[in-house]
Amino acid sequence: MSEDSKYSDNEAVDMHSGIMAFESKHFSQAMQLLSPIAEEGDPEAQYRVAIMYQGGLGMAKNDTQAFKWMRAAAEQGHALAQHGLGFMYMEGECAAQNAELAVEWFTRAADQGLAGSLTTLAMMYEQGRGVEKDAEKAKEYYKKAGF
């Protein structure tokens with residue numbers, strides 16, 4: 001393993017191949033390549049594994065595994081996983097519905113500049129969903145999101 005890389009040469013090839021398989025919608029192959037890397041703690045691999053479990057892509061849908069991997073990636077600061085976890089809590093998909101936790105995870109992703117989370121937070125503040133209704137805060141989030 002080179003000093004600049006967190007992956008061994010084989011892991012780097014597997015990660016790249018796994019992402020390519022995912023992007024090409026070859027989900028069974030992607031799962032086979034990305035699962036071991038997710039197990040080792042890579043947040044990008046964890047996020048993609050979560051998406052496959054959540055959607056039943058290349059396997060049976062598994063909400064428990066989807067939540068496990070989405071949360072693992074989110075806790076490591078993966079913005080898309082934080083947004084995904086927020087959505088799970090907001091919609092009660094793969095997790096018990098909890099608007100307050102949804103706001104917490106959307107806020108973490110929004111703090112990294114994720115436009116989807118900024119927009120979702122704006123709507124939540126506009127509607128008073130999981131937070132106290134706050135038109136000014138909603139306006140602020142919409143502006144940050146580019147509206």
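I'd like the full set of residues that are under 16 Å from Lys25 (Cα atoms) and either crowded, with 21+ Cβ neighbours inside 10 Å or touching a Phe, Trp or Tyr at 6+ places or on another chain (Cβ under 6 Å) (or both), limited to the stretch 35-52.
Within the stretch 35-52, Ala45, Tyr47, Arg48, Val49, Ala50, Met52 qualify.
May I ask you to list the residues in the stretch 53-72 that are surrounded by 20 or more Cβ atoms within 10 Å (Cβ to Cβ) and either in contact with a Ser or Thr (Cβ under 9 Å, 6 or more places away or on another chain) or of a type in the set (Val, Ile, Thr) (or both)?
Tyr53
Just so you know, all these numbers are worked out from the coordinates, no wet-lab data involved. All figures in this text were calculated on a predicted structure; none of them were measured in a lab. Ideal geometry is used to build each Cβ from the backbone, glycine not excepted, and the neighbour counts take in all protein chains shown.
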